[in-house]
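The values are calculated or read from the model by the stated rules, or taken from the named source; none is laboratory data. Keep in mind that what you see is a predicted model, and the values were worked out from it rather than measured. Glycine gets a Cβ as well: all are built from the backbone with ideal geometry, and neighbour counts include every protein chain shown. Quick note on the areas: whole protein, heavy atoms, side chains included, nothing else; ligands and nucleic acids left out. Shrake-Rupley method; radii C 1.70, N 1.55, O 1.52, S 1.80 Å.
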Amino acid sequence: SGALLTASYDNCGRVWAGGTDIAAAILRGHVDCSTCCAWVEPSGSDGVALAVTGSKDFTLRSHALDLASQLSGAAPAFLYTGHEGAVQSVAAHPHSGRFCSGSWDKMIKVWEVPTSDQLLEIISTWRASGCATAEGEVRSGSTKKAKVEVSDGVAAGIKERGPLCTLIGHTHAVTGVDWGRDSDVVSCGMDHTVRAWDMETQQCTTNLSAGHVANDVAANSAGLYASAHVDRTVRVWDPRQGSMVRASLASHKGWVNAVCWGKEEHQLVSASYDETIKIWDIRSAVPLYTIAAHDGKVLCVAIGPGGEIVSGGTDGKVKKFVDPTLAKAHATV
């Protein structure tokens, strides 16, 4: 549909659609900063999708949206509880009906995606109530762990869900998660490692030592991993070759905070605290393009369905770059 999902330190997520700078939907409910987000689409969804946000309040929340029709708000759907620290990252599998999250509690949790029929029912109920389905009162406890309360004796309208499984092995915060080509979970953390996890055994099958804190990780269809690091480099890994770094890409002048693969197998995009985005061909140590993207640190980067680059920064702006050779944003929200 081309709808864009963002998370913000004002505790909210937002959905942007129609090419305007006004959010089509604001996703509320978190009681602390929203740190990450992901679109989750059930198989056979026919335009129905789940917008998932993770937060420093130790939870994830989801809202159901009908992207096939005119977008008019988002129905609160589920509250995902189980993490014991701030949620730092989230990633959806495109086919398996699952998504995963990484947290400062050193754990990765895997969650089940509701069916399209369930989402349609949630949206229908929400609309029938005048778009005012009660979520219940959410507030922080003494340990900062979010709690769902029952207000006025009426059960909260939002449903609470626990994880399908928990992957344990990182020795410090999990800062990035993604899904590998074989439906394995790929993660990175402040323990200087990049790891892969078999979902059948729930065991760590790959443990790559990077030597520096990793801020983000991304896997591509060829089985390669890319990780973003505080030593200003991007590392490319081939897990079939063990712990050897296939490429180390050094050009940024600040922490590399985010990385994603492009539309082509060898294309990689990185975002940095140096206010720039770089586009790489991993067969070369020199970036193809450098975009002066934001007036502040670039916090995240993603590739849109048409190959456009989308980024967010500490300047409070989300930008879209259609042609990197122009180094100019096509749209800003």
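Quick rundown of the values:
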read-out: Surrounding net charge for A74, when Lys and Arg each add one and Asp and Glu each subtract one, Cβ distance under 10 Å; value: +1
read-out: Fraction of accessible area attributable to carbon and sulfur, segment 191-333 (%, probe 1.4 Å); value: 48
read-out: Residue-by-residue Karplus 3J(HN,Hα) for segment 196-208, coefficients 6.51, -1.76, 1.60, Hz, glycine and proline x; value: 10, 10, 7, 6, 6, 8, 6, 10, 6, 9, 9, 9, 9
read-out: Most mobile listed residue (V217, V177, V31) in the chain, GNM with C-alpha springs under 10 Å; value: V31
read-out: Computed accessible area, D178, all protein chains, 1.4 angstrom probe, square angstrom; value: 40
read-out: Relative contact order computed over the chain (Cα-Cα under 8 Å; 6+ residues apart), in percent; value: 9
read-out: Max mean-square fluctuation residue, GNM over the chain, Cα-Cα springs under 10 Å, options S243, S129, S270; value: S129
read-out: Rounded FRET efficiency, nearest 0.05, which uses the C-beta distance separating Q203 from S248 and R0 of 45 Å; value: 0.95
read-out: Of (1) 14.8; (2) 24.6; (3) 16.2, the label for mean projected area of the Cα convex hull in nm² derived from the coordinates; value: (3)
read-out: Most mobile listed residue (D117, D281, D216) in the chain, GNM with C-alpha springs under 10 Å; value: D117
read-out: Residue-count net charge about L4 - beta-carbon cut-off 9 Å; Lys, Arg +1, Asp, Glu -1; value: +2
read-out: Amide H within-cut-off set for T233, under 5 Å, with H built and near neighbours excluded; value: V256
read-out: Listed residue pairs exceeding 22 Å between alpha carbons, taken from K109/K263; K56/K263; K253/K278; value: K109/K263; K56/K263
read-out: Separation between Cα centres of segment 22-88 and segment 170-239, rounded to whole Å; value: 24
read-out: Angle in degrees between helix 116-128 and the longest Cα principal axis of the chain, rounded to the nearest 10; value: 50
read-out: Area accessible to solvent at T35, 1.4 Å probe radius, in Å²; value: 40
